[in-house]
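Read the structure below first, then the notes.
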Amino acid sequence: MLKRPGIFTAILLLFIVVCRAQDLSYYLPDSITYNPAIPKPKDIIYHEVGEWHVTHDRLVNYMKALAAAAPERIKLETMGFTYEGRPQVLLIITSPKNQQRLEEIRLQHIQLTDPNTSASLNIDNMPIVVYIGHSIHGNESSGANASLLSAYYLAAAQGKQIDELLDNTVILFDPSFNPDGLQRFSTWANQHKSKNLVTDPNDREFNEVWPGGRFNHYWFDLNRDWLPAVHIESQNRLKWFHRWKPNILTDHHEQGSNASFFFQPGVPSRVNPLTPAKNQELTDKLGKFHAAFLDRIGSLYFTKENYDDFYYGKGSTYPDINGAIGILFEQASSRGHAQETANGILKFPFTIKNQFTATLSTLEGAKVLRKEFLQWQRDFYAGAVSKGDAASRQAYVFGDKNDKAKTCHFIQMLLQHQIEVNKIKGWKDAGFDSEAAYAVRMNQPQKLLIRTIFETMHDYKDSLFYDITSWSMPLAFGLPFKQVELAAANFGDKLESISFPIGELTAKSEYGYLFEWDEFYTPRALYELQQEGLLVKVATNPFEMAINETAVKFDYGTIMVPVKFQTLSSEKVFQIMKSVAEKNGIKIYGVQSGNTQVGIDLGSSKFITVTKPSIAMITGTGVNATDAGEVWHLLDQRMNIPSTHLEPAIFNKADLDRYNTLILVSGTYADLNAGKLKNWVQAGGVLILMEEAINWASQNGISSATIKKIDPPVDSTKRLPYNIREQIDGAQQMYGAIFGADVDLTHPLAYGYNEKVVSLFKANKVFMEKNRNPYACPFYYGNNPLQSGWVSRENGNAVKNSAAVLVNSVGSGKVINIADNPNFRAFWLGGMKLFMNAIFFGRIIDVQSARTDD
């Protein structure tokens, strides 16, 4: 009994330690003096660092205050704005004398990446360029909160040590890679914080509602977007990355709460083979500084485990293919303000301190290893360019004469990565139209980046991966491409930029208008016509007719707008058609007769009226947020088509008659009323299922798909060592590979495709059996479908001869089962036509062709 007051006092003291806000002395080196004229974070954000999760607006306010207070050291740039209109700010931090000649330093530095000029550069006094980036996942916020400390330190620290650092370094300081996600998460964490901190991991503070703060506005993981650069945040950032060509880029993340702190190098066998050995050598050298600094504050850490350097679309790996060193930091996450973990109570200030310490260790390593990093950048780019005529002839040729918009987007991506693209002249190949073909010369500074964009992969050192195993961009875009040798005379003008193609309307018509379905933005054009109230038909058979005395062939999926069937005047219809053609980059033919030379006439019943889609997608708990975001982004950003997002609870009580198309992406749907959904399909609705949603629908009698069983990876009668279990089980995961699906080009789901094989991305174990209806499987995998990537023998066998797309009817409605994700990460443009066809043409599929065996 006498001891109880002591125990209570100890608990109370622990509670006080947990709750007390940490002032700057907890974080900052105590051997440094600080300029009192520089505002401390609390002066601007109104709380101590780590006391609350900083919101993005306050974070930006503080960065602006620092730039105003220390203009001799800091220049603030606005890189651009996010989807939600938040500024992406970048602080350029260096010494006063460097600030006075900042542009001169930049121009000299980027000459290191030019093999024609780099050899003559003197790097003895050249500053190293370091990009410090924070919290690309919004709910991994210790990085962004640590940026408050790092920025203050760099602005206010005084003495020889900081002067020497800033004289030798130009720091590109990005306080928040993902402003929208950070704002969403900080709001969540702060609104659920108690005065008496609750550390129970089950508490609401640590368990965000769907979709959480990890993602950007469209629920995308921006740390997968450095290479495809689909999103505005990535595009804004890449402009500044290539404007400065940093030597080091740090990427501050968080991991599971029971971990410690990770810094690279990662698993040696999982380094991309295109990454030079010198890169890993320098990564290891820099790691010695991280270890020393973390040892100094007593923090635990690990390296060479769990994380890899394979996919170049990540922030810590993209620099590796650009003559720099990318460094991943992973801090155990408190996910709130203080949380119980296997290592005790993990406090938010402690996580911030580790991230801040890693920034200091990076800058110290950069200063000490400055010349070695600069020399490596010079060597990297010099080694990419070879002398001799043979080397200069190697090139990739690409382009699609039927889809200029998609070709345009591909070129835009290449130019964002500083890859030189040329028009082609005087060269002919049966697979290309020379007017629509472009060349990428291999013999240029970005050679390795070109290789990772164009090459397919089949050989791997390891069977475990942190992310996808292949990303061949021409396959993803669905573009014809070929590696060839070109003479110097075949390289035409170098492209500095490319404009979106402008469409055309050939003539005004009092009869009708036609356009083919090949171009990427034809779905956008079609929906705009329907929004204007026009009646639109689609050709289910090909035909040929004379237009201006020239025979023009029209394929399956050709769109017709008959003028006399409209409620609008012919002049108004003409103005609409002209505008739609120009905005969407398509060619629309004005025709004066319905009589064709070959095939169906324009009045044929083979022209079927296209119903305007009214779309809803199920979202919420259990649904894969990134897959749902890809659909949302495609419809909203690319196609200008609205879609309703229904939570299961709302779906279960909503009137579904207002929708004719429902979408279920990968996920689990335990709370969804399956009976109500089935009744809606039976009444004529079109249900689009993707990936694991097929499993749920099949189990609930909505989809007729049968999922193949997979062979076990090992003989269950054998005894195996425990330590190989992770390797064997991990090898059976479908991390993501590219497979070629054979296509029935006459099927409505294949309208607009011109090649008999379409590349699809598979990252799941949904292997559908082909049923006995010969018309129900318009996309299917043959005997050897793998085009690029790693797949285990067992999974590879399951993919073979499976259905990629299966259509089944339920009553008068259709269920379109798509085994894979045709919209993967918003850069799989080659699969998006399939998805849009399901939306527009799913209901015209003949019911008998979708009937399945009982």
Item to complete: Express in nm, to one decimal, how much length is gained between Lys195 and Lys428 on full extension, taking 0.36 nm for each residue of separation and deducting their alpha carbon distance.
Response: 76.6 nm
Fill in: Ala342-Glu571 pseudo-label distance in nm [points 7 Å out on the Cα-to-Cβ vector]
7.7
Worksheet item: For Arg204 and Glu77 in one chain, what is 0.36 nm times their gap in residues minus the Cα-Cα distance, to one decimal in nm?
Response: 42.0 nm
Worksheet item: With contacts defined as alpha carbon pairs under 8 Å and 6 or more residues apart, what's the relative contact order of the stretch 582-722 in percent?
Response: 20
Worksheet item: Which distance in Å, rounded to a whole number, links the C-alpha centroids of the stretch 649-705 and the stretch 810-848?
Response: 14
Response to the item:
Which of Lys278/Lys425; Lys423/Lys553; Lys239/Lys285; Lys612/Lys800 exceed 32 Å between C-alpha atoms? The answer is Lys278/Lys425; Lys612/Lys800
Discussion item. I need the P(r) histogram for the stretch 625-668: all alpha carbon pairs, bin width 5 Å from 0 out to the longest distance, whole percents.
Written reply: 5, 18, 28, 25, 18, 5, 0
Worksheet entry | Calculated P(r) of the stretch 346-487 - Cα pairs past 28 Å, % | 41
Worksheet item: Using a Förster distance of 51 Å, how high is the FRET efficiency between Ala277 and Asp742, based on the Cβ-Cβ distance and rounded to 0.05?
Response: 0.80
Discussion item. I'd like to compare 235-248, 798-811, 138-151: which one has the highest average count of other Cβ atoms within 10 Å, and what's the full order after that?
Written reply: 138-151, 798-811, 235-248
Worksheet item: Looking at the square roots a ≥ b ≥ c of the eigenvalues of the Cα gyration tensor of the stretch 783-854, which shape do they give, rounded for a/c under 1.5, prolate if a/b is larger than b/c, or oblate?
Response: oblate
Fill in: Pair Ala507, Gln733: separation of 7 Å Cα→Cβ label points (nm)
6.1
Worksheet, complete the sentence: Cα-based Rg and Dmax for the stretch 41-176, in Å, come out at 16.2, 52
Discussion item. Can you tell me the length gained on complete extension of the stretch Arg851 to Glu582, counting 0.36 nm per residue apart and subtracting the Cα distance?
Written reply: 92.8 nm
Worksheet item: Label Ala489 and Asp167 with points 7 Å out from Cα along Cα→Cβ: what is the distance between them in nm?
Response: 5.8
Worksheet item: So how do 351-364, 560-573, 839-852 stack up, highest first, on mean other-Cβ count within 10 Å?
Response: 351-364, 839-852, 560-573
Practice prompt. Only Cα pairs under 8 Å and at least 6 apart count here; give the relative contact order of the chain as a rounded whole percent.
Written response: 10
Item to complete: For a label point 7 Å from the Cα of Lys160 along Cα→C-beta, name the residues of the stretch 334-368 whose backbone N is under 12 Å from it.
Response: none
Worksheet item: What residues qualify as long-range amide H neighbours of Gly512, i.e. H under 5 Å apart, gap of 5 or more or another chain, H built at 1.01 Å from N?
Response: Val563, Val591
Worksheet entry | Total charge dipole magnitude, the chain, about the Cα centre, Cβ charges on Lys, Arg, Asp, Glu only, Debye to nearest 20 | 460
Fill in: Viscosity 1.567 mPa s, temperature 4 °C, Stokes-Einstein D of the stretch 335-426 from Kirkwood C-alpha radius, µm²/s
68
Response to the item:
CD proxy, 222 nm, the chain: helix-only mean residue ellipticity via -39,500 (n - 2.57) per DSSP H run with n ≥ 4, per residue, nearest 500, stands at -9500 deg cm²/dmol
Response to the item:
With a Förster distance of 41 angstrom and the Cβ-Cβ distance between His242 and Ala390, calculated FRET efficiency to the nearest 0.05 equals 0.90
Item to complete: With r as the distance between the Cβ atoms of Thr33 and Leu535 and R0 = 51 Å, compute the FRET efficiency 1/(1 + (r/R0)^6) and round to 0.05.
Response: 0.10
Worksheet item: Roughly how many Å is it from the Cα centre of the stretch 408-451 to that of the stretch 86-118, as a whole number?
Response: 29
Worksheet item: Highest mean first, what order results for 303-312, 270-279 on Cβ atoms within 10 Å?
Response: 303-312, 270-279
Fill in: Proximal charge balance of Lys423 [Cβ under 13 Å; K/R count +1, D/E count -1]
-2
Worksheet, complete the sentence: Dipole check, the chain, charges on Cβ (K,R +1; D,E -1), about Cα centroid: among Phe263, Ile162, Val130 the Cα furthest to the positive pole belongs to Ile162
Practice prompt. Assign unit charges at the C-beta atoms only (+1 for Lys and Arg, -1 for Asp and Glu), then state the dipole size of the stretch 511-630 relative to its Cα centre in Debye, rounded to the nearest 20.
Written response: 340
Practice prompt. Considering only DSSP beta bridges where both residues belong to the chain, give the percentage that are antiparallel (nearest 5).
Written response: 65
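Read-outs: derived from the displayed coordinates by stated rules, not from any lab. Remember, predicted model here, so these are calculated numbers, not experimental data. Methodologically, a virtual Cβ is constructed for each residue, glycine included, from the backbone with ideal geometry; neighbour enumeration extends over all protein chains shown.
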